[in-house]
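Below is one structure; the comments refer to it alone.
The values are calculated or read from the model by the stated rules, or taken from the named source; none is laboratory data. Values in this document were obtained by computation on a predicted structure and should not be read as measured data. Please note: Cβ atoms are built from the backbone with ideal geometry, for glycine as well, and neighbour counts cover all protein chains shown. Accessible surface areas use protein heavy atoms only, side chains included; no ligands, DNA or RNA. Shrake-Rupley method; radii C 1.70, N 1.55, O 1.52, S 1.80 Å.
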Amino acid sequence: MSIPTDIPLLPNHLAGRWQTGSGPGTTLLDPVLGTPLVRVDNRGLDLAEGFSFARDTGGAALRAMSYGQRAAMLGAIVKVLQANRDAYYDIATRNCGTVTKDSAVDIDGGIFTLGYYAKQGEALGEARALLDGDRIRMGKDPVFQTQHVFSPTRGVALFINAFNFPSWGLWEKAAPALLSGVPVIVKPATATAWLTQRMVADVIEAGVVPAGALSVICGSSVGLMDQLQPFDVVSFTGSAETARIIRSHPAVAQRSVRCNIEADSLNSALLDPAATEDSEAFKLLVSEVVREMTVKSGQKCTAIRRIFVPRALYQATAQAIGAKLAKCSVGNPRHENVRMGSLVSREQYDNVIAGLTHLKTEADVLFDGNSTELLDADRAVAACVAPVLLGTQDPVAAKVLHEVEVFGPVATLMPYDNEAQAYALIRRGEGSLVASVYSEDPAFMARAALELADSHGRVHVISPDVAASQTGHGNVMPMSLHGGPGRAGGGEELGGLRAMGFYHRRSAIQASTAALDALVAVAPWRT
Ligand code: NAP
C-alpha cells in the first residue's frame with residue numbers, strides 16, 4: 001500500500017515527547033464531503049516506555065502536588081482550551097460533521113466539566129489524601145481505632161474512548177483523574193481522534209501539566225491493554241462488544257486492574273398515565289424526544305431510544321413528534337439553514353441503516369425524514385441520516401426493540417396499559433444510563449423515580465415548574481452521576497467528587513490516637 005504522504009500525520013504524545021507512527025496510518029475523513037483530513041498512526045511506538053514514563057514521572061509529579069494545586073492546574077487547562085475554541089469548532093465541523101450547537105455539547109461540555117472540577121478541587125486545599133468517614137473504635141479501649149483513607153493510586157489511567165465525544169469524553173474522565181493525582185493516557189476512537197489530539201497538543205504546548213501527566217495515542221488499540229499493571233485503571237467507553245473484550249483481558253481478569261465500562265444503553269422517556277394531549281407534561285415529553293433524537297444526530301449514549309406513553313395517547317404522540325421532526329433540516333453543517341449535520345462516518349451511516357432495518361422487523365415507521373432532500377450535501381457521499389420515529393402497538397411481544405441500540409436519530413414509540421407494565425417494559429432495557437419521566441403529579445414522579453432508580457444511573461424527572469431550568473434528558477452534568485447498571489456497562493463516572501473514588505484506593509488505617517491525629521494533619525479533608 002502506498003503511503004499518502006500529502007495528508008498530515010498526527011503525532012502521538014508519549015514518554016514526554018511527540019512521536020509519529022512508522023506505518024501508513026488511517027486516514028480520517030470529512031463525513032459530509034468525504035474528503036481526507038489527517039492521518040493517525042502509532043505503529044512502532046514503545047508502549048512499555050510510554051506507560052512507565054507516565055506512571056513513574058507523570059504520577060510522581062502529580063502526587064507531589066496537593067489537591068488544591070492540581071485543581072489550579074485544571075483551571076489552567078480550561079484557559080488553554082478556551083483560547084483555542086475556534087480551532088476545535090473548525091475540527092468538529094470537518095471531522096464530526098456537527099452543526100455549531102452540537103459541537104458545543106462536546107467542546108464546551110468538556111471545558112465546563114473541567115472548570116467544575118477545578119472549582120470543586122479548590123476546596124480540597126493542601127490535602128494529600130482524603131479521609132473516608134470518622135474514626136471507628138475497634139474495642140473497649142478507644143486508643144486503638146480505625147480510620148479509612150483514600151489515597152491516589154500509583155498507576156496510570158488509560159482511557160479508551162468512543163467516537164461521539166472526542167472532547168467531553170476526554171475531559172470528563174481526565175478532570176477527576178488529574179485532580180486525584182493520576183496520569184492520563186488517552187486513546188481516542190480513530191474516526192474522530194483529531195479533536196482529542198489537538199486539545200492534548202495545545203495543553204502540552206502550553207506547559208500547564210507536568211511531563212508524563214497527559215499522553216495521547218491515536219490509531220490502533222493493539223497492545224494498550226497489555227501494558228496495564230495492577231495499580232493502573234482503565235476507563236472504557238464504547239460498544240458492549242468491545243467492552244466484553246476489555247473485561248476479559250488478562251489485565252482486568254487476572255491482574256485486577258480496576259475497570260470502568262460505559263457501554264450502550266436503551267434509554268427511556270415515560271409519560272404520566274394521567275397525562276392528556278393538551279397537558280404540559282405531554283408537551284414537555286414531545287419537545288425532549290425531538291431534541292434527543294436530533295442533537296448530535298442522535299449519537300449520544302444517553303439519547304432517548306424508547307418512548308413510553310399511555311395507550312390512549314399513542315397516535316397523538318406520534319403526530320406531535322412527527323410534526324416537529326418534519327421541521328428539522330439535515331445536511332452540510334456549514335450551511336446556515338441546516339439544523340442537524342451528519343453521523344461521524346459512512347461506516348456509522350451503514351450501521352444506522354442496518355440497525356433501522358433490524359428494528360423495522362418489529363416496528364412501523366411513524367415518521368421518516370429521509371425522503372426530503374439534504375441541504376448542500378450529496379446523499380451518496382454524506383453520512384447524513386434524517387430522523388426516523390418508529391412505533392409498535394405491542395411492546396410486550398417486542399424483543400429487538402428492547403435490545404438493539406441504533407446509534408443515530410432513531411427512537412421507538414411504545415404504548416403501555418398500566419403503570420406496572422410501563423416500569424417492566426423500561427426494565428427490559430436491562431440497565432440504562434438514564435430514564436426521564438414527564439408529569440405534573442409529585443406522587444407519581446416520586447414513585448416512578450424510585451421504581452426506575454435501581455436500573456438506571458440517572459432518573460431525570462420533569463414537571464412544568466422545572467421546564468425552563470431543567471438540564472436536559474441527555475445532558476450529562478458533572479455534579480450528577482453518569483453510568484448505568486447491566487447492559488449500560490455497570491460503570492460510574494462524574495457525580496462531583498465521587499468520581500475521584502475510581503482513581504483512589506481505600507485503606508483502613510488501624511493505629512493509635514496519636515498516629516491518627518498526625519494523619520489528619522496531612523489528610524484534613526473528609527469525604
Ligand atoms: P467501539 O467500537 O466499541 O470503540 C470504542 C473504543 O474502543 C474506540 O477507541 C476503539 O478504537 C476501541 N477499541 C476497538 N476495539 C478494541 C479492542 N479490541 N481493544 C481495545 N480497544 C478497542 O465503540 P464506538 O463505536 O466508538 O462507540 C459507540 C458506542 O459507544 C455506542 O454503543 C454508545 O452507546 C457507546 N457510548 C457509551 C457512552 C457512555 O457513557 N455509556 C458514551 C458514548 C458512547 P478504534 O476507534 O480505533 O476502533
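Among the residues of segment 464-481, those that are of a type outside the set (A, V, I, L, M), touching a helix residue (DSSP H, G or I) at 6+ places or on another chain (Cβ under 9 Å) and open to solvent by 10 Å² or more (accessible area, probe 1.4 Å) comprise PRO464, GLN470, ASN475, SER480.
Going by what's in this entry, would ARG506 be described as outside the structural domain of ALA303 (by TED's automatic domain parsing), part of a strand (DSSP E or B), out of contact with any Pro (no Cβ under 8 Å at 6 or more places or on another chain) and not small (Gly, Ala, Ser)?
yes
The residues on offer are GLY484, GLY490, and the sole one that is over 13 Å from the mean Cα position of the chain (by Cα), within 13 Å of the ligand (Cβ to nearest atom) and buried (at least 17 other Cβ atoms within 10 Å of the Cβ) is GLY490. Residue-level analysis places ASP86 among those that are surrounded by fewer than 24 Cβ atoms within 10 Å (Cβ to Cβ), without any contact (Cβ under 8 Å) to a residue 24 or more places away in the chain, in a helix (DSSP H, G or I) and of a type in the set (Asp, Glu).
If you filter segment 354-372 down to residues that are open to solvent by 70 Å² or more (accessible area, probe 1.4 Å) and out of contact with any strand residue (DSSP E or B) (no Cβ under 8 Å at 6 or more places or on another chain), you find that the one that is modelled with the lowest pLDDT is SER371.
State yes or no: is LYS187 within 12 Å of the ligand (Cβ to nearest atom) and open to solvent by less than 10 Å² (accessible area, probe 1.4 Å)? Criteria not met by LYS187. A count restricted to segment 28-40 and to residues that are within 13 Å of the ligand (Cβ to nearest atom) and β-branched (Val, Ile, Thr) stands at 1. With respect to the conditions (1) open to solvent by 10 Å² or more (accessible area, probe 1.4 Å); (2) outside any helix (DSSP H, G or I); (3) modelled with pLDDT of 95 or more, PHE308 lacks only one, and its number is (1).
Name the residues in segment 423-445 that are within 27 Å of the chain's Cα centre (by Cα), away from the ligand (no atom under 16 Å from the Cβ) and among the aliphatic types (A, V, I, L, M), would you? The answer is ALA424, LEU425, ILE426, VAL437, MET445. Being more than 11 Å from the ligand (Cβ to nearest atom), among the β-branched types (Val, Ile, Thr) and under 19 Å from GLY59 (Cβ atoms) is the filter here; which residues of segment 214-260 pass it? Residues satisfying the conditions are VAL216, VAL233, VAL257. The number of residues in segment 431-462 that are touching a helix residue (DSSP H, G or I) at 6+ places or on another chain (Cβ under 6 Å), open to solvent by 20 Å² or more (accessible area, probe 1.4 Å) and outside any strand (DSSP E or B) comes to 2.
Among the residues of segment 158-177, those that are open to solvent by less than 10 Å² (accessible area, probe 1.4 Å), hydrophobic (A, V, I, L, M, F, W, C) and either more than 15 Å from the ligand (Cβ to nearest atom) or part of a helix (DSSP H, G or I) (or both) comprise LEU170, TRP171, ALA174, ALA175, ALA177.
The set of residues from segment 443-452 being in contact with a strand residue (DSSP E or B) (Cβ under 8 Å, 6 or more places away or on another chain) and within 14 Å of ARG428 (Cα to Cα) comprises just one member, LEU452. Taken together, ARG291, ARG305, ARG334 contain a single residue that is within 19 Å of the chain's Cα centre (by Cα) and more than 16 Å from the ligand (Cβ to nearest atom), which is ARG291.
Could you run through segment 140-157 and say how many residues are part of a strand (DSSP E or B) and either open to solvent by less than 60 Å² (accessible area, probe 1.4 Å) or not assigned by TED's automatic domain parsing to the domain that holds ALA518 (or both)? Don't jump to the end; show me each part of the working.
Of all residues in segment 140-157, those part of a strand (DSSP E or B) come to 144-152, 157.
When the remaining residues are screened for being either open to solvent by less than 60 Å² (accessible area, probe 1.4 Å) or not assigned by TED's automatic domain parsing to the domain that holds ALA518 (or both), the result is 145-152, 157.
Summing the residues that are part of a strand (DSSP E or B) and either open to solvent by less than 60 Å² (accessible area, probe 1.4 Å) or not assigned by TED's automatic domain parsing to the domain that holds ALA518 (or both) in segment 140-157 gives 9.
State all residues of segment 498-514 that are hydrophobic (A, V, I, L, M, F, W, C) and either at pLDDT below 95 or within 17 Å of LEU170 (Cα to Cα) (or both); if no residue qualifies, say none. Can you show your working first?
Quick first cut of segment 498-514, residues hydrophobic (A, V, I, L, M, F, W, C) only: 499-500, 502, 508-509, 511, 514.
Within segment 498-514, ALA499, MET500, PHE502, ALA514 meet the criteria.
For segment 464-517, the candidate set comprises residues that are of a type in the set (Asp, Glu) and out of contact with any His (no Cβ under 6 Å at 6 or more places or on another chain); within that set, the residue that is nearest to SER239 (Cα to Cα) is GLU492. Could you look through segment 9-32, keep only residues that are assigned to a loop (DSSP other than H, G, I, E, B) and out of contact with any Leu (no Cβ under 8 Å at 6 or more places or on another chain), and pick out the one that is farthest from GLU205 (Cα to Cα)? Filtering segment 9-32 for residues that are assigned to a loop (DSSP other than H, G, I, E, B) and out of contact with any Leu (no Cβ under 8 Å at 6 or more places or on another chain), the one farthest from GLU205 (Cα to Cα) comes out as VAL32. Just one of (1) away from the ligand (no atom under 16 Å from the Cβ); (2) β-branched (Val, Ile, Thr); (3) surrounded by fewer than 23 Cβ atoms within 10 Å (Cβ to Cβ) fails for VAL182. It is (3).
LEU131: within 14 Å of the ligand (Cβ to nearest atom), closer than 28 Å to GLY68 by Cα and in contact with a strand residue (DSSP E or B) (Cβ under 9 Å, 6 or more places away or on another chain), yes or no? Walk me through it before giving the result.
Working: within 14 Å of the ligand (Cβ to nearest atom): no; closer than 28 Å to GLY68 by Cα: yes; in contact with a strand residue (DSSP E or B) (Cβ under 9 Å, 6 or more places away or on another chain): yes.
No; evaluated as a whole, the condition is false for this residue.
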